[in-house]
Amino acid sequence: MAHETHFDIPTDISAFTERSVEQARRAFDSFVSAAYGTATAFEGRAAAVRKGSEDWRQRAMEFAEQNVASSFDFANKLVHARDLPEIIHVQSEYVKSQMQVLAEQARELSETASQTARNAAKVQQ
């Protein structure tokens, strides 16, 4: 006879999880918004700026693809979690990892934008 195990996720754990996911979503939305805003600002510049903008935009899109893939991987891990402690661990690790990834991506995009600005300043002199 098969024994079915059912457990309810405590309200505080559920609320914590929802807040963490919402924080990650807001951070990612801000990242995407900034990425598109900066890419748009670069459009219409000289050839040196256009090249930098294309590089920046390409990296931003690569990052977006990586982040979406990471989200799907996270969802897959949640689906296969065996118990509440594993769910909490998977969620916690995802949020921690994603915050680090987003910070590194923002740093890289900022460096690319700075280099593009320096290149544009050289061209305009």
| note | Between D8 and S30, Cβ-based FRET efficiency (R0 41 Å, step 0.05) works out to 0.75
| query | When we measure straight from the Cα of K122, which lysines land under 27 angstrom away, once same-chain ones fewer than 8 places off are left out? | reply | K51
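Read the figures in this text as sums done on the coordinates, not as results from a lab. Predicted, not measured: the structure shown is a model, and the values here were computed from it. Cβ coordinates were reconstructed from backbone atoms using ideal geometry, including for glycine residues, and neighbour counts include every protein chain displayed.
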